[in-house]
1. Looking at segment B:40-49, can you tell me whether even one residue there is basic (Lys, Arg), part of a loop (DSSP other than H, G, I, E, B) and either within 21 Å of B:Leu158 (Cα to Cα) or touching an Asp or Glu at 6+ places or on another chain (Cβ under 6 Å) (or both)?
2. Of all residues in segment A:69-117, which are part of a strand (DSSP E or B) and small (Gly, Ala, Ser)?
3. What number of residues within segment A:145-161 are open to solvent by less than 20 Å² (accessible area, probe 1.4 Å) and within 12 Å of another protein chain (Cβ to nearest Cβ)?
4. A:Ser130 is checked against (1) modelled with pLDDT under 80; (2) in a helix (DSSP H, G or I); (3) small (Gly, Ala, Ser) and fails just one. What number does that condition carry?
5. Answer with yes or no whether B:Arg250 is more than 30 Å from A:Ser185 (Cβ to Cβ), at pLDDT 95 or above and surrounded by fewer than 20 Cβ atoms within 10 Å (Cβ to Cβ).
6. Can you find even one residue in segment A:41-57 that is away from chain B (no Cβ under 12 Å), over 28 Å from B:Gln274 (Cα atoms) and crowded, with 17+ Cβ neighbours inside 10 Å?
7. Out of segment A:22-39, which residues are more than 8 Å from chain B (Cβ to nearest Cβ) and under 27 Å from the mean Cα position of the chain (by Cα)?
8. Do the conditions hold for B:Glu202, that is, is it surrounded by fewer than 18 Cβ atoms within 10 Å (Cβ to Cβ) and acidic (Asp, Glu)?
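The values are calculated or read from the model by the stated rules, or taken from the named source; none is laboratory data. Note that the structure is a prediction, hence the values are computed from the model and not measured. Glycine also receives a Cβ, built like all others from the backbone with ideal geometry; neighbour counts cover every protein chain displayed. In case anyone asks, the SASA skips ligands and DNA or RNA and just uses the protein heavy atoms, side chains included. Shrake-Rupley method; radii C 1.70, N 1.55, O 1.52, S 1.80 Å.
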Amino acid sequence: MYLAHGITRALAPPVQKFQSSIILKWILGFCWYLLHLVVSLVDMVCFLNHLLLSSIISTGLLRKYQNLKLNNLNCLAIVVDSEEAEDITKTQKLLSWLSSIDVKCITLYDLQGVLKRTIGNDFKSMTNTSLRECKMSKMTVEILSLSDGKEGIAKAANFLISKYMKDDSLRCNGTKPTFSESQVSNALEAIGYKGPDPELLLVYGPARCHLGFPPWRLRYTEIIHMGSLRFMNYGSLARALYDFSKKNQNYGK
Amino acid sequence: MEKHSQRPEPKNLNSVWRFLRRCLFSVLSFGPMPKHIAFIMDGNRRYAKKMQIKEGSGHNVGFTSLVSSLQYCYEMGVKYVTVYAFSIDNFKRKPEEVGSLMHLMKEKIDQLLEEESIVHKFGLKLNFWGSLDLLPEPIRSAAEKAMVHTANNTGPVLSICVAYTSTNEILRAINKSCARFEDKTGEGSDPANSILVTDLEENLDSASCSEPDIVIRTSGETRLSNFLLWQSTFSHLQSPNLFWPEFSLRHLIWSVLEYQKVYPYLEARRKLCQES
């Protein structure tokens, strides 16, 4: 009996520990869900606020969002989530809004090249130009994907070292290859991977993330999260462009 | 008697506060925790203007804010923290300001290596990313000394970007990759497609770190200003509307909570990219 009692006492603590760790996990989990409930509520209030203002802007009641002065916007970039990009009508609608606001140069980007496959092919059949760039009425539209980013820079590196290896004067001097940023930019242009640096980038998707937009072109780009493409509206677009037109950059000074 | 009873209180309060923080971080870690957070510490000068103090004092308060944010990050289990301390573009500022920033940097690097500093508390490994040859000699050697001193530390990593821009980092990676290619191959060899994305990544300053999960820029500005452009492919970009010296624990917790909300989406996109 004493032996049984001893065995029971030896076994009890781990079982109790196990039970109390499950209870602790439940408490932590509950607190975690509570915290996230607070975050979701705050985000919901912000979203509704934004939706209300966007709807008012869409009606045209607010004058300041009507005649947008976009002198400092030479190129606008749009990152779209690849899944949402499958719905081609949304992107076409977005392009038509931008055309009506007189935006002259647009770079479309999605991670997996869905836009190249859908809109790009549309353009190709309409205008007989390359997949990457097309002139649409008064607008130039460039379409990029992940392979135009880091891989483009690697190709530029190969281009530069190729030129260096063929240049006997440089190699005989014993000078190590040391290229400059402008040489890299020129190399990107030579191999067809150069485009304008967008001043503004609009992200349509669940998260504010540029998803691999060509790094060489993103240095001073204002990045704005517009929410899901499914819920896009003219008012949010006008608001984003208006806020951008009021921006001042120091460029490090 | 009263004096004696007053002295232990701050220590007790600190312990209670530390215990509460641990509880809070335990709750947070029920969800996915970021391994790498990057900060663009923007707004020191505007903070100084707002508080009507000298411009240089804004940077000093900013440093205090940095040390407490680092403490909270490491207590939460974040392995890598990267901060944008000084850009190559910042050399364009007035010489007096650049000079005082350099002086502040030297002072803070020396402070970090002192016994009671956060470096010793957490066994931090220090990295300095950037074109260090652009820095004045005293700061460059202080930075190199700090890296050597902490090279064998096995704790979390603090990477400080000074005289840094992302395009300059990518350029240096291109130059290192090309130099390695030239050393390996002989005359007449064709390097077409020999330099791969992975070669460039191995030669970036950030080669030893994972990519940042969150990039936080304070003062509400929405641009990256040439910071970690290559590494932030799947980073959650956040722009809280407050100046850097005002960034505190509650802002950090909010930042982690927002990251946890979008984590499933970003992780799915990251996996898709790796598979293709």
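1. So far as segment B:40-49 goes, no, none of its residues is basic (Lys, Arg), part of a loop (DSSP other than H, G, I, E, B) and either within 21 Å of B:Leu158 (Cα to Cα) or touching an Asp or Glu at 6+ places or on another chain (Cβ under 6 Å) (or both).
2. If the condition is that a residue be part of a strand (DSSP E or B) and small (Gly, Ala, Ser), then A:Ala77 is the only one that fits.
3. Of the residues in segment A:145-161, 10 are open to solvent by less than 20 Å² (accessible area, probe 1.4 Å) and within 12 Å of another protein chain (Cβ to nearest Cβ).
4. Result: A:Ser130 fails condition (2) only.
5. yes
6. For segment A:41-57, residues away from chain B (no Cβ under 12 Å), over 28 Å from B:Gln274 (Cα atoms) and crowded, with 17+ Cβ neighbours inside 10 Å: present.
7. Once the filter is applied, which keeps residues that are more than 8 Å from chain B (Cβ to nearest Cβ) and under 27 Å from the mean Cα position of the chain (by Cα), segment A:22-39 yields A:Leu37, A:Val38.
8. Spelling it out, B:Glu202 is indeed surrounded by fewer than 18 Cβ atoms within 10 Å (Cβ to Cβ) and acidic (Asp, Glu).
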